[in-house]
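**Q** Attaching a single structure in C-alpha cells format; questions to follow.
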Amino acid sequence: MTRLFAREGPWLFSRAIDLGAFGGSALAAWLLVLLGWPLGLLDADAPTWTFFGCVIAVDVAHVWSMGFRSYFDGEELRARPLLYLGVPLAAYLIGVGLHAFGSRVFWGALAYLAVFHFVRQQAGFLRLYARRNPAQTRLDTLLEQAAMYASMLVPLIAWHARLPRAFAWLIEGDFVSVEAVGVAAARIFPLAAWANAACLLGFTLRQAYLLHRGAWVPGKSVLMTATASCWWLGIVVFDSDYVFTVTNVLIHGVPYFVLTQRYARARGAGWAGRVALRGLVPVLLICLTLAVAEEALWDRWVWHERPEYFGEVFPLSPVLMTFLVPLLALPQASHYVLDGFLWRVRRENLVLRRELESG
C-alpha cells in the first residue's frame, strides 16, 4: 500500500519531500524578497503576478485541497456526515450574523480565525514529527512548541504594536486597531522578543545536542527555520505588502498541498484517491481551477478590482452582501475549523494512526 509518511528514518515524508516542502517554500520566499529589492517592490503594493502566483495559486488553492482529505472522498463523508455538514452550516450562520453588525466585524473575526489556523498548522507539523520519533522526550516537545509558537506570536504582537501597516491579513483594518491595544503591545514586544530569542536558543542547543548523539531530526530544524525567518521577515523586519504576501503564503500552502495529496494517495479511496495516485500535478490543477472560479466570483460581486481578468462587475445591495460574503468565504471558514478535526490522531483517523505508528 502507498504510504503517507516515510517508512523509516528521521523524515516525515522523505528527505527530498521534506526539504522541498518546508525548506524549498521558504527558500522561494527569501529569493522573491531579494528579487523584489532591486525591482522596487518592497515599498509598493504586491504586484498582480503575486496575486495570481501566490494568493490564488497557493493560498486560495490550498484551501480547496482540503477536499482531498474530506469532501472529495465519499467514504469519509459517509463516516462523519454531521461534521462535514454541521461545520459549514454553523460557519455560514455565524458569518451572516457577524456581517449583519458590519463588514469589518465579519472580516476581523475571519482574520483572527485565519491567524489561529496558520499558527496551529506549523505547530501541528512539529507534532507529526514528534509522533514519528520514538526517542521524542517531553523536553523536546516543550522546546519545540515553545520556539514555534513564540516565533509566530511575537511577530503578531509587533504587528499590533505598529498599526496601521502597509499590509493586512485579509482586508485593511481587520486587526484590532484600538490605540490602547497598540500601546500595550508596544510595551510587551521587547520582552516578548527576548523570550522568543531564548526559546529559539533553547531549541537550537537541544538540536545540537541531539546531532552529537546521532538522534537529530533535521526536518524539525528546517521547519523551524522556515517559519521563524519568514514570519519575522514578513511582519517585523519589513513593512511591505509584497514581502508579507510571499513569506506568509508559500510556507503555509505548499506543505499543505503535499500533506493532502499524499493522504488521499495513501487512502486510495474513491475519486480523491484515484486523482491523487496520478501525482501532485492533477491535484494542483483541480485546486487551481476551483480557486480561479472562486476568485472570479469574489471580484465580480464583492471586490471589483480586476474586471480585466474576471469580467463585468455586478454591484449588489448591502442586504444581499450580508448573505453573499459569508457564502463566498465558506471554503475558507470551513477549512480553518475543519482542519482542527481532520489532522488529529484520533480513533476515527485510521490512516494517520496507522502511518504514524508504523515505521
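The values are calculated or read from the model by the stated rules, or taken from the named source; none is laboratory data. Keep in mind it's a predicted model, so treat the numbers as computed, not measured. Heads up, the Cβs are rebuilt from the backbone with ideal geometry, glycines too, and the neighbour counts pull from every protein chain shown. Side chains included, ligands, DNA and RNA excluded: accessible areas come from the protein's heavy atoms. Shrake-Rupley method; radii C 1.70, N 1.55, O 1.52, S 1.80 Å.
**Q** Has region 187-194 got at least one residue that is exposed (fewer than 15 other Cβ atoms within 10 Å of the Cβ) and in contact with a helix residue (DSSP H, G or I) (Cβ under 9 Å, 6 or more places away or on another chain)?
**A** yes
**Q** For region 187-230, how many residues are closer than 15 Å to residue 125 by Cβ, in contact (Cβ under 8 Å) with a residue 40 or more places away in the chain and within 21 Å of the chain's Cα centre (by Cα)?
**A** 10
Per-residue answers, yes or no, for (1) at pLDDT below 90; (2) over 30 Å from residue 99 (Cβ atoms):
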| residue | (1), (2) |
| --- | --- |
| 316 | yes, no |
| 319 | no, no |
| 330 | no, no |
| 333 | no, no |
| 336 | no, no |
| 348 | yes, yes |
| 352 | yes, yes |
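**Q** From the list 42, 85, exactly one residue is more than 24 Å from residue 258 (Cβ to Cβ) and modelled with pLDDT of 95 or more. Which is it?
**A** 85
**Q** Also, quick follow-up: Considering only residues that are open to solvent by less than 30 Å² (accessible area, probe 1.4 Å) and of a type in the set (Asp, Glu), which ones fall in region 294-334?
**A** Once the filter is applied, which keeps residues that are open to solvent by less than 30 Å² (accessible area, probe 1.4 Å) and of a type in the set (Asp, Glu), region 294-334 yields 294, 295, 299.
**Q** Pairs, please: C-beta under 7 Å, at least 6 apart or cross-chain, first residue outside any loop (DSSP other than H, G, I, E, B) and in region 312-325, second open to solvent by 70 Å² or more (accessible area, probe 1.4 Å) and of a type outside the set (Lys, Arg)?
**A** 322/100; 324/301
**Q** Mind checking whether some residue in region 257-280 is over 29 Å from residue 31 (Cβ atoms), assigned to a loop (DSSP other than H, G, I, E, B) and of a type in the set (D, E, K, R)?
**A** Checking region 257-280: at least one residue is over 29 Å from residue 31 (Cβ atoms), assigned to a loop (DSSP other than H, G, I, E, B) and of a type in the set (D, E, K, R).
**Q** Pairs only if they're at least six apart or on different chains, beta carbon under 7 angstrom, first in region 74-100 and closer than 19 Å to residue 332 by Cα, second open to solvent by 50 Å² or more (accessible area, probe 1.4 Å) and assigned to a helix (DSSP H, G or I); list them, first residue then second.
**A** Pairs found: 83/341; 84/77; 87/337; 91/337; 92/327; 96/323; 98/105.
**Q** Of everything in region 7-32, what is assigned to a helix (DSSP H, G or I) and open to solvent by 10 Å² or more (accessible area, probe 1.4 Å)? Give them in sequence order.
**A** Listed by number, the residues that qualify are 15, 16, 17, 19, 20, 23, 24, 27, 28, 30, 31, 32.
**Q** Sticking with this structure for a sec: What residue, among those in region 58-101 that are touching a Gly at 6+ places or on another chain (Cβ under 9 Å) and not in a helix (DSSP H, G or I), is most open to solvent (accessible area, probe 1.4 Å)?
**A** Ranking the qualifying residues of region 58-101, first place goes to 72.
**Q** Which of the residues spanning region 121-147 are among the charged types (D, E, K, R) and within 15 Å of residue 220 (Cα to Cα)?
**A** 127, 131, 132, 140, 144
**Q** Here is a check on your reading of the model: is residue 153 over 22 Å from residue 246 (Cβ atoms), at pLDDT 95 or above and open to solvent by 20 Å² or more (accessible area, probe 1.4 Å)?
**A** Spelling it out, it is not the case that residue 153 is over 22 Å from residue 246 (Cβ atoms), at pLDDT 95 or above and open to solvent by 20 Å² or more (accessible area, probe 1.4 Å).
**Q** When region 102-128 is examined, which residues are found to be of a type in the set (Val, Ile, Thr) and open to solvent by less than 20 Å² (accessible area, probe 1.4 Å)?
**A** Correct list: 115, 119.
**Q** Can you say whether residue 177 is of a type in the set (S, T, N, Q), without any contact (Cβ under 8 Å) to a residue 60 or more places away in the chain and in a loop (DSSP other than H, G, I, E, B), as far as the supplied structure shows?
**A** For residue 177, the condition - of a type in the set (S, T, N, Q), without any contact (Cβ under 8 Å) to a residue 60 or more places away in the chain and in a loop (DSSP other than H, G, I, E, B) - is met.
**Q** In addition: Tell me whether region 292-305 contains one or more residues that are modelled with pLDDT of 90 or more, touching an Asp or Glu at 6+ places or on another chain (Cβ under 7 Å) and under 22 Å from residue 118 (Cβ atoms).
**A** no
**Q** Among (1) farther than 30 Å from residue 164 by Cα; (2) open to solvent by less than 20 Å² (accessible area, probe 1.4 Å); (3) among the aliphatic types (A, V, I, L, M), there is one condition residue 288 misses while meeting the rest; what is its number?
**A** Checking residue 288 against (1) farther than 30 Å from residue 164 by Cα; (2) open to solvent by less than 20 Å² (accessible area, probe 1.4 Å); (3) among the aliphatic types (A, V, I, L, M), the one that fails is (2).
**Q** So the check is Cβ under 9 Å with 6+ separation or different chains; which pairs have a first residue in region 335-348 that's acidic (Asp, Glu) and buried (at least 19 other Cβ atoms within 10 Å of the Cβ) and a second one that's part of a helix (DSSP H, G or I) and modelled with pLDDT of 90 or more?
**A** 339/66; 339/117; 339/120; 339/121; 339/124; 339/256
**Q** Another question, if that's okay. Of the conditions (1) polar (S, T, N, Q); (2) open to solvent by 50 Å² or more (accessible area, probe 1.4 Å); (3) in contact with a Pro (Cβ under 8 Å, 6 or more places away or on another chain), residue 137 satisfies every one except a single condition; which number is it?
**A** (3)
**Q** Have a look at 222, 246 and point out the one that is of a type in the set (Val, Ile, Thr), part of a helix (DSSP H, G or I), surrounded by fewer than 23 Cβ atoms within 10 Å (Cβ to Cβ) and touching a Leu at 6+ places or on another chain (Cβ under 8 Å).
**A** Exactly one of 222, 246 is of a type in the set (Val, Ile, Thr), part of a helix (DSSP H, G or I), surrounded by fewer than 23 Cβ atoms within 10 Å (Cβ to Cβ) and touching a Leu at 6+ places or on another chain (Cβ under 8 Å), namely 222.
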